[in-house]
1. Kindly list the number of the only condition in (1) more than 26 Å from residue 250 (Cα to Cα); (2) modelled with pLDDT under 90 that fails for residue 80.
2. Within segment 183-205, can one find any residue that is under 19 Å from residue 98 (Cβ atoms), touching a strand residue (DSSP E or B) at 6+ places or on another chain (Cβ under 6 Å) and surrounded by 14 or more Cβ atoms within 10 Å (Cβ to Cβ)?
3. If you check residue 211 against the conditions, is it part of a loop (DSSP other than H, G, I, E, B), farther than 30 Å from residue 71 by Cα and touching a residue at least 24 places away in the same chain (Cβ under 8 Å)?
4. Would you pick out the residues in segment 122-154 that are over 27 Å from residue 241 (Cα atoms) and assigned to a loop (DSSP other than H, G, I, E, B)?
5. Going by what's in this entry, would residue 240 be described as part of a loop (DSSP other than H, G, I, E, B) and surrounded by 12 or more Cβ atoms within 10 Å (Cβ to Cβ)?
6. Just to check your reading of the model, which residue among 55, 100, 8 is under 20 Å from the mean Cα position of the chain (by Cα) and either at pLDDT 95 or above or under 21 Å from residue 231 (Cα atoms) (or both)?
7. When you go through 142, 174, 154 one by one, which is the residue that is surrounded by 20 or more Cβ atoms within 10 Å (Cβ to Cβ) and on the phi < 0 side of the Ramachandran plot?
8. Could you grab me the full set of residues in segment 195-217 that are within 18 Å of residue 281 (Cα to Cα), out of contact with any helix residue (DSSP H, G or I) (no Cβ under 9 Å at 6 or more places or on another chain) and at pLDDT 95 or above?
């Protein structure tokens, strides 16, 4: 994704990536939400109903993101150096990239990345969004969140408000670090296997200012479709950053800022909010009959 956006990317010992282009210069340290091996978070709630999913994103997942992010925030070398003080990009904006791999999917429940993005911005900015229609127009307001609590464990909301977090210029997230994404990019580049059909079904951003859900789409994935590695990238800018990251650094992605007490998002076009990729293998009648026998 970084090279697609025109960056000269090197991988020093730490942080993971040093990025330079006319857009700017910054470093990125990557991390993941991994399965919890102990403590209360090891007892995964496996939400299924809308109400269970709401509670899951309210407390459990913010704690998972919090563990990954604060681990990188607090880590120091033997010499006492933090990530933003190391490597050729020291003194430039420092970014943490986080991906959600906290739970594999199975036949009875959905896995990571399915609906966890809501939990990330809630944890980062320490606010939730409430909405209602007033005289036919959508009204949105941000409400302060104090703590995330799960089975007696409590974590303070607002990662960007934590001491030391002013050194993190932004957090980058994607819910598309999947085999389906790599399959589609291969097809787009002309490497689709013969006798296969790829379809992508999901929701795109609805630009209507009164929309509260995305618009459905159903598309064939073909060579030259134009999908980019950066299409699903979400950039959360730190309002308290000592070295702010310019919007131009990730131009073309979906970016979020907290301005005047409100969550403000910037998008280009109609990015995909969520999707599933369906792969269909075409068979002749003899193979179908053998498989059915």
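The values are calculated or read from the model by the stated rules, or taken from the named source; none is laboratory data. For clarity, every value in this text was computed on a predicted model and none was experimentally measured. Positions of Cβ are generated from backbone atoms using ideal geometry, with glycine treated the same way; all protein chains shown enter the neighbour counts.
1. Failing condition for residue 80: (2).
2. So in segment 183-205, the residues under 19 Å from residue 98 (Cβ atoms) come out as none.
Within segment 183-205, not a single residue is under 19 Å from residue 98 (Cβ atoms), touching a strand residue (DSSP E or B) at 6+ places or on another chain (Cβ under 6 Å) and surrounded by 14 or more Cβ atoms within 10 Å (Cβ to Cβ).
3. On the way: part of a loop (DSSP other than H, G, I, E, B): yes; farther than 30 Å from residue 71 by Cα: yes; touching a residue at least 24 places away in the same chain (Cβ under 8 Å): yes.
In short, yes.
4. Once the filter is applied, which keeps residues that are over 27 Å from residue 241 (Cα atoms) and assigned to a loop (DSSP other than H, G, I, E, B), segment 122-154 yields 135, 136, 151, 152.
5. Yes: the conditions hold for residue 240.
6. Criteria check complete, one pass: 100.
7. On the way: 142 fails: surrounded by 20 or more Cβ atoms within 10 Å (Cβ to Cβ); 154 fails: surrounded by 20 or more Cβ atoms within 10 Å (Cβ to Cβ).
174 is the lone residue from the list that is surrounded by 20 or more Cβ atoms within 10 Å (Cβ to Cβ) and on the phi < 0 side of the Ramachandran plot.
8. Taking segment 195-217 as the starting set, the residues that turn out to be within 18 Å of residue 281 (Cα to Cα) are 195-201.
In the following step, the residues that additionally are out of contact with any helix residue (DSSP H, G or I) (no Cβ under 9 Å at 6 or more places or on another chain) were identified as 195, 197, 199, 201.
Once the filter is applied, which keeps residues that are within 18 Å of residue 281 (Cα to Cα), out of contact with any helix residue (DSSP H, G or I) (no Cβ under 9 Å at 6 or more places or on another chain) and at pLDDT 95 or above, segment 195-217 yields 197, 199, 201.
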